[in-house]
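Participant: Following this message is one structure expressed as structure tokens.
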Ligand SMILES: *Cc1c(COP(=O)(O)O)cnc(C)c1O
């Protein structure tokens, strides 16, 4: 028991010695949330990129209420239910052609763990047990569980402290060619990827990547051509291609999935964050027939030994279905294009911002924008400063970014960009 009236809640990524009392959120509406005491903040991050419809969306709230009245939860082991079946069908319909099988789990990290286990077991079942390591990219972020930490950037990925505890995998350099790069620039990135595959393909089960946008590792953006080249390399070296679309999925890059920019179907794709509109934790790992078929066989080894208690939770599936319906009926891709126009106009084309000595680069993709600075110190105090102006910003290291809810109006988007730019003018 604690003697003070300090909350026993242990906050993520926080220095316990220097952290301050976290403000208490009591509600929200659209892109805004409200704090105890009445302060209202415009959320530039939509709560770690998942609240794509904003807070308290009436259709999402009532979808949960309706489902709660019928069935809150039942195990998916040996049983099924309508919301899981319908959501799986919808995900197969909207994802790249060929991803026809859906394994549910409860978070993005676990969805990635499922993807990696699937890839290792796939090769094992095909008689290639030595292919049991992953190939990941520098700047990657795939989650905070042990298996995921091992495929995050080993130096800057927040987890270097755990190096001795984690299995060893392979890493290729992060792509450097930007979204609109010419073929020559992309060819250099692909040559670096090929070099690692040539040396180690005999033990590599899968190449993992956050397609087009390495998010938590510094909002690094690359070209759709890189995805196409990676697909070809994976086929050449008998390596599965896994797209971690936990952050990029559901419109963040301007298309429904980042894979859609490239016309590429990965062998395995992981979705979470925006899947439920952020209203409940859930994830889906999709696989192609080729992967799925390897698991059809007579030995006990053929079963996929994974089964999170809450996989396919009916409340999560029901709200995910409603989220998808709203996304399509309200033409969110058009809204995202509108938000991108504001981000381009207000941030990328701002010459004073680009010329500021602390600024390295300003870039956007879909409903994402980042001002990359030279050092984290250039952003010290920015969150408090933004809050004074009614905007919730939370930089990652030396990256000041926004990933707003898609319901953010162009005027509110300008309020966010004004605060981001204002920091460098103050
Ligand atoms: C957030 C994130 C994860 C981890 O998801 P959790 O739900 O936090 O476990 C994995 N991959 C990417 C790309 C992410 O952005």
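Participant: What number goes with the only condition from (1) in a loop (DSSP other than H, G, I, E, B); (2) over 19 Å from the mean Cα position of the chain (by Cα); (3) under 21 Å from residue 52 (Cβ atoms) that residue 343 does not pass?
Facilitator: Every listed condition holds for residue 343 apart from (1).
Participant: Here's another thing I want to ask about it. Does region 56-69 contain any residue that is closer than 30 Å to residue 136 by Cα and surrounded by 15 or more Cβ atoms within 10 Å (Cβ to Cβ)?
Facilitator: Taking region 56-69 first, the residues closer than 30 Å to residue 136 by Cα are none.
No, every residue in region 56-69 fails to be closer than 30 Å to residue 136 by Cα and surrounded by 15 or more Cβ atoms within 10 Å (Cβ to Cβ).
Participant: Would you pick out the residues in region 134-164 that are farther than 22 Å from residue 376 by Cβ, surrounded by fewer than 19 Cβ atoms within 10 Å (Cβ to Cβ) and either modelled with pLDDT of 95 or more or in contact with a strand residue (DSSP E or B) (Cβ under 6 Å, 6 or more places away or on another chain) (or both)?
Facilitator: 145, 146
Participant: Could you please give the count of residues in region 266-303 that are over 22 Å from the mean Cα position of the chain (by Cα) and surrounded by 15 or more Cβ atoms within 10 Å (Cβ to Cβ)?
Facilitator: 4
Participant: In region 83-95, what residues are in contact (Cβ under 8 Å) with a residue 12 or more places away in the chain and either out of contact with any strand residue (DSSP E or B) (no Cβ under 9 Å at 6 or more places or on another chain) or more than 19 Å from residue 306 (Cα to Cα) (or both)?
Facilitator: Once the filter is applied, which keeps residues that are in contact (Cβ under 8 Å) with a residue 12 or more places away in the chain and either out of contact with any strand residue (DSSP E or B) (no Cβ under 9 Å at 6 or more places or on another chain) or more than 19 Å from residue 306 (Cα to Cα) (or both), region 83-95 yields 83, 86, 87, 90, 91, 92, 94, 95.
Quick grid of which residues meet (1) out of contact with any helix residue (DSSP H, G or I) (no Cβ under 6 Å at 6 or more places or on another chain); (2) assigned to a helix (DSSP H, G or I); (3) crowded, with 21+ Cβ neighbours inside 10 Å:
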| site | (1), (2), (3) |
| --- | --- |
| 310 | yes, no, no |
| 334 | yes, yes, no |
| 386 | no, yes, yes |
| 400 | no, no, yes |
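Participant: Has region 186-208 got any residue that is on the phi > 0 side of the Ramachandran plot, at pLDDT 95 or above and in contact with a strand residue (DSSP E or B) (Cβ under 7 Å, 6 or more places away or on another chain)?
Facilitator: Looking for residues that are on the phi > 0 side of the Ramachandran plot, at pLDDT 95 or above and in contact with a strand residue (DSSP E or B) (Cβ under 7 Å, 6 or more places away or on another chain), one finds none in region 186-208, hence no.
Participant: Scan region 179-193 for residues that are in a helix (DSSP H, G or I) and surrounded by fewer than 19 Cβ atoms within 10 Å (Cβ to Cβ) and jot them down.
Facilitator: Result: 183, 184, 185, 187, 188, 191, 192.
Participant: For residue 170, only one of the following conditions fails: (1) within 16 Å of the ligand (Cβ to nearest atom); (2) on the phi < 0 side of the Ramachandran plot. What is its number?
Facilitator: Of the numbered conditions (1) within 16 Å of the ligand (Cβ to nearest atom); (2) on the phi < 0 side of the Ramachandran plot, the odd one out for residue 170 is (1).
Participant: Would you pick out the residues in region 117-160 that are more than 16 Å from the chain's Cα centre (by Cα), part of a helix (DSSP H, G or I) and within 18 Å of residue 240 (Cα to Cα)?
Facilitator: 117, 118, 119, 120, 121, 122, 123, 124, 125, 147
Participant: Under 7 Å between Cβ atoms, which residue pairs at least 6 apart in sequence (or on different chains) link something in region 139-167 that is without any contact (Cβ under 8 Å) to a residue 60 or more places away in the chain and farther than 16 Å from residue 220 by Cα with a partner that is assigned to a loop (DSSP other than H, G, I, E, B) and within 11 Å of the ligand (Cβ to nearest atom)?
Facilitator: 148/142; 151/140; 151/142; 159/152
Participant: Any residue in region 282-301 that is under 22 Å from residue 111 (Cβ atoms) sitting within a Cβ distance under 6 Å of a residue that is away from the ligand (no atom under 16 Å from the Cβ) and in a helix (DSSP H, G or I)? List the pairs, counting only those 6 or more apart or interchain.
Facilitator: 284/91; 291/122; 294/122; 294/125; 295/302
Participant: Just to be sure, is residue 37 in contact with a helix residue (DSSP H, G or I) (Cβ under 9 Å, 6 or more places away or on another chain) and within 30 Å of residue 411 (Cα to Cα)?
Facilitator: Taking the combined requirement at face value, the residue does not satisfy it.
Participant: Name the helices (runs of 4 or more DSSP H) wholly inside region 205-300 in which the number of residues that are within 14 Å of the ligand (Cβ to nearest atom) is 2 or more. Reasoning before the result, please.
Facilitator: On the way: elements: 224-236, 258-262, 289-294.
Of the helices (runs of 4 or more DSSP H) lying wholly inside region 205-300, those with at least 2 residues that are within 14 Å of the ligand (Cβ to nearest atom) span 258-262.
Participant: Can you work out which of the residues in region 96-116 that are out of contact with any strand residue (DSSP E or B) (no Cβ under 6 Å at 6 or more places or on another chain) and part of a loop (DSSP other than H, G, I, E, B) is nearest to the ligand (Cβ to nearest atom)?
Facilitator: Across region 96-116, the extreme among qualifying residues is 106.
Participant: Moving on. Looking only at region 12-32, decide whether some residue is in contact (Cβ under 8 Å) with a residue 60 or more places away in the chain, closer than 26 Å to residue 397 by Cα and surrounded by 14 or more Cβ atoms within 10 Å (Cβ to Cβ).
Facilitator: Checked region 12-32: at least one residue is in contact (Cβ under 8 Å) with a residue 60 or more places away in the chain, closer than 26 Å to residue 397 by Cα and surrounded by 14 or more Cβ atoms within 10 Å (Cβ to Cβ).
Participant: Could you list all residues from region 119-133 that are in contact with a strand residue (DSSP E or B) (Cβ under 6 Å, 6 or more places away or on another chain) and either within 15 Å of residue 306 (Cα to Cα) or within 13 Å of the ligand (Cβ to nearest atom) (or both)?
Facilitator: Matches in region 119-133: 119, 120.
The values are calculated or read from the model by the stated rules, or taken from the named source; none is laboratory data. What you are looking at is a predicted structure, and each value in this text was computed from that prediction instead of being measured. With ideal geometry, Cβ positions are generated from the backbone for all residues, glycine too; neighbour counts draw on all protein chains shown.
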